[in-house]
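Working notes for the structure below.
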Amino acid sequence: MADQMAADQELDPAVEAARLRAAAAAGKPEAYRAYAELLTGQGRLDEALPWWARAADAGDADASRTLAICHKDRGEFPEAERWYRTAADRDGGCAFGLARLLHEAGDTAGAETWYEHGAALGSVECTTNGAVLLAARGEWDTALERLAEASAQGDDIATRTRGAIQNMLRDLDGWREALARAEAEGDPEEAYEALRDLLDPERKAMFARYPRMVAEAEALYARAAAVGSAKALVDQALFIARDDSRWDEARALVERAHERGYDGAAYVLGVWAEENGELRTAEKWYRTADEADGGHIWACFNLGVLCVRQRRLDEAERWLRATGLDGAEGVGGAEGVDVEGRGSFDEGEERIVRALEDIAAIRADPERMPPAEWEERLPGLRARAEEGGPDAWCAYADALDRLYRLPEAAEWYRRAGTPRALLALGRMLYEVGGATGLRMVPYYEPAAAEGDAGAAYDIGRIHDEAGDRRTAQIWFRRAADLGHGRAAWWLGWTSEERGGDPQHAERWYVRAARSGLVPPAFLAGRSMVRRGAYGEAEPLLRVACEGKHEEAPYWLAQALRGVGRVEEAERWLRVAAEAYPDVLAQYGKMAGLAMPDPR
């Protein structure tokens, strides 16, 4: 019996935790990591981090890597880099983590150095990733050799990557051979057709991962253009435009294709102008594309949408119907559309119908039409703008913005040029005008630099939507530090859902709740109940209940029961049962109850 009691005691988690804590507190290095792992597994990362640090300081490379990962997940990138560096010179895992961190920060040279160092330490992941960087700049033979080494060590990623690169290089040889035949015959159309597969959407990831392939594609299209293909000039420009520093060069190539008589070039120039927020220029090029022989479905559609955004509804309807919706041939049912836009296009008819329905909805909703009172104020604001300075110009631009006169508003915002005016311009063009978010970020940055939390949050949101989590996290952190509630909410959600770090998440939820947001107030309160901080949870959950959060009454009942106010807890549980039966049933099911009892 005594032996059994001793065995049970050894398995008791509380007893084991106490034992490990005592050993760690006594300075036993082997206990540092064990106790840190225990705390981490319990979601108590704040308490775990100092013990991970002690283990790392004692020479535990795994602890250094764990610390770096934790800080990276929290968006604390300098601290993550510091911990990786403490062991990267002797541990392949830390070298790999450091290389990835540097690569994500844009330091390709630093990443290559540490991948190479990690590979020398025996990290097959470093060998693979280092080879990918070599391939990215076109060192194909060396990259394939190193991928073969990693593959031989059992790295499936290296095997797949090596096969993909070999296929890509075979395709490249095929394109070169087909183009050479077209060059020998002096046939512009054949030269263009030889390269058509280069723009297959399925190859987009290839060009993103291996920038050298962008240069290869650009060179091939330049050769096709030299044979006389104006279309090839446009496709060459599409590859050049991937590099923002070469934007003017890309646009000049498309303009040259237009001058050579290629109708699709005007459409591309219209799209680029729209993405850049150049609304008048976009409209000019779309009209030019449509005036070409045979018309241009996409140009008509984009003109219709452009006019909807500016509340030029009659014009919008005419352009949308000019696509051929009313019984015209060639709408719907094809596999896609090229820049010429003469064919039909997938889901084209559905998109046109939705746009026409949106026009009808706008006409029926006075709130979505230009406000009459601002139309009345416009002459006075115009007079003050003509006599005044930046503030008056910005006020006039604001009025034009409210009236959906976007091109005019953009001109006056640019004329004002203040951080506030540029922020309003960026928001108008991105949120209403159809511009690309990343292209508008420079308009947000001056206001963010002056401490505008909303501008910093918007920059974070744009990067998040573009899939750049690191940059988004940096900007959301800046916005949250300036008091932006939604930025703090995003940081909390990221910590909890992506990083498994409830303590860090809870702190951000509390900060978000201070701004008056109901969902993070609930999330913070629920987190506190789960860790037994019932008194701290109560006020936050009451805020969530006042905000009609459907799960809050249940969790408020739990908090009240935790502080011993059972009768009050029962009242809130009955509120949950009556107002939100589905929620209560869900919790009952989770608890294994067929019919959850409010008691």
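The values are calculated or read from the model by the stated rules, or taken from the named source; none is laboratory data. This one's a predicted model, so the numbers in the text were calculated from it and none came from an experiment. With ideal geometry, Cβ positions are generated from the backbone for all residues, glycine too; neighbour counts draw on all protein chains shown. For the accessible areas, the whole protein counts, side chains as well, though only heavy atoms, and no ligand, DNA or RNA atoms are used. Shrake-Rupley method; radii C 1.70, N 1.55, O 1.52, S 1.80 Å.
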message = Considering only residues that are over 30 Å from ALA217 (Cβ atoms), open to solvent by less than 60 Å² (accessible area, probe 1.4 Å) and assigned to a helix (DSSP H, G or I), which ones fall in the range 120-138?
response = VAL124
ask   = In the range 229-256, how many residues are open to solvent by 20 Å² or more (accessible area, probe 1.4 Å) and either under 14 Å from GLU189 (Cα atoms) or touching a Lys or Arg at 6+ places or on another chain (Cβ under 6 Å) (or both)?
value = 1
ask   = Looking only at the range 137-153, which residues are at pLDDT 95 or above and of a type in the set (Gly, Ala, Ser)?
value = ALA143, ALA148, ALA150, SER151, ALA152
message = Condition check: closer than 30 Å to ARG44 by Cα, open to solvent by 50 Å² or more (accessible area, probe 1.4 Å) and part of a helix (DSSP H, G or I). Does ARG146 satisfy that?
response = no
message = Quick test for you: out of ALA17, ALA26, pick the one residue that is over 32 Å from the mean Cα position of the chain (by Cα), aliphatic (A, V, I, L, M) and open to solvent by 70 Å² or more (accessible area, probe 1.4 Å).
response = ALA26
message = Please go through the range 387-410 and give me each residue that is acidic (Asp, Glu) and at pLDDT 95 or above, ordered by number.
response = ASP391, ASP398, ASP401, GLU408
remark   = Of the conditions (1) closer than 20 Å to ILE69 by Cα; (2) out of contact with any Phe, Trp or Tyr (no Cβ under 6 Å at 6 or more places or on another chain); (3) touching a residue at least 24 places away in the same chain (Cβ under 8 Å), the single one that ARG507 does not satisfy is (3)
key: Residue, farthest from LEU67 (Cα to Cα), within the range 16-35, restricted to residues that are at pLDDT 80 or above and in contact with a Leu (Cβ under 8 Å, 6 or more places away or on another chain)   = ALA31
note = Taking the range 95-135 and keeping only residues that are under 24 Å from ASP73 (Cβ atoms), acidic (Asp, Glu) and either in contact with a Phe, Trp or Tyr (Cβ under 7 Å, 6 or more places away or on another chain) or in contact (Cβ under 8 Å) with a residue 12 or more places away in the chain (or both), one is left with GLU104, GLU125
task = Six or more apart or on different chains, Cβ under 8 Å: which pairs go from a residue in the range 274-289 that's more than 18 Å from ALA410 (Cα to Cα) and open to solvent by less than 30 Å² (accessible area, probe 1.4 Å) to one that's of a type in the set (Gly, Ala, Ser) and assigned to a loop (DSSP other than H, G, I, E, B)? Could you list them?
result = ALA289/GLY341
ask   = Residues of the range 408-424 being more than 28 Å from the chain's Cα centre (by Cα) and within 22 Å of CYS307 (Cα to Cα), which ones?
value = GLU408, ALA409, GLU411, TRP412
remark   = For the range 344-379 the number of residues that are over 16 Å from VAL308 (Cβ atoms), surrounded by 12 or more Cβ atoms within 10 Å (Cβ to Cβ) and without any contact (Cβ under 8 Å) to a residue 40 or more places away in the chain is 7
message = It is to be established whether one or more residues within the range 500-514 are among the charged types (D, E, K, R), buried (at least 20 other Cβ atoms within 10 Å of the Cβ) and part of a loop (DSSP other than H, G, I, E, B).
response = yes
ask   = For the range 405-478, which helices (runs of 4 or more DSSP H) that fit wholly inside it have 2 or more residues that are free of Cβ contacts under 8 Å to residues at least 60 places away in the same chain and more than 27 Å from LYS72 (Cβ to Cβ)?
value = 406-416, 419-431, 437-449
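Results for (1) over 27 Å from the mean Cα position of the chain (by Cα); (2) modelled with pLDDT under 95; (3) open to solvent by less than 30 Å² (accessible area, probe 1.4 Å), shown as yes or no for each residue.
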{"site": "ALA61", "(1), (2), (3)": "yes, no, yes"}
{"site": "SER64", "(1), (2), (3)": "yes, no, yes"}
{"site": "PHE77", "(1), (2), (3)": "no, no, yes"}
{"site": "ARG82", "(1), (2), (3)": "no, no, no"}
{"site": "CYS94", "(1), (2), (3)": "no, no, yes"}
{"site": "LEU98", "(1), (2), (3)": "no, no, yes"}
request  = Determine which member of the set ALA289, ALA282, ALA250 is outside any loop (DSSP other than H, G, I, E, B), within 25 Å of ALA219 (Cα to Cα) and modelled with pLDDT of 90 or more.
outcome  = ALA250
ask   = Out of all the residues in the range 370-383, is one or more within 28 Å of ASP314 (Cβ to Cβ) and touching an Asp or Glu at 6+ places or on another chain (Cβ under 7 Å)?
value = no
inquiry  = part of a helix (DSSP H, G or I) and open to solvent by 60 Å² or more (accessible area, probe 1.4 Å): is that true of PRO520 in this structure?
reply    = no
query = Does GLY492 satisfy being open to solvent by less than 20 Å² (accessible area, probe 1.4 Å) and either more than 21 Å from GLY437 (Cβ to Cβ) or in contact (Cβ under 8 Å) with a residue 40 or more places away in the chain (or both)?
reply = yes
ask   = In the range 537-569, how many are more than 19 Å from ALA512 (Cα to Cα), open to solvent by 70 Å² or more (accessible area, probe 1.4 Å) and part of a helix (DSSP H, G or I)?
value = 3
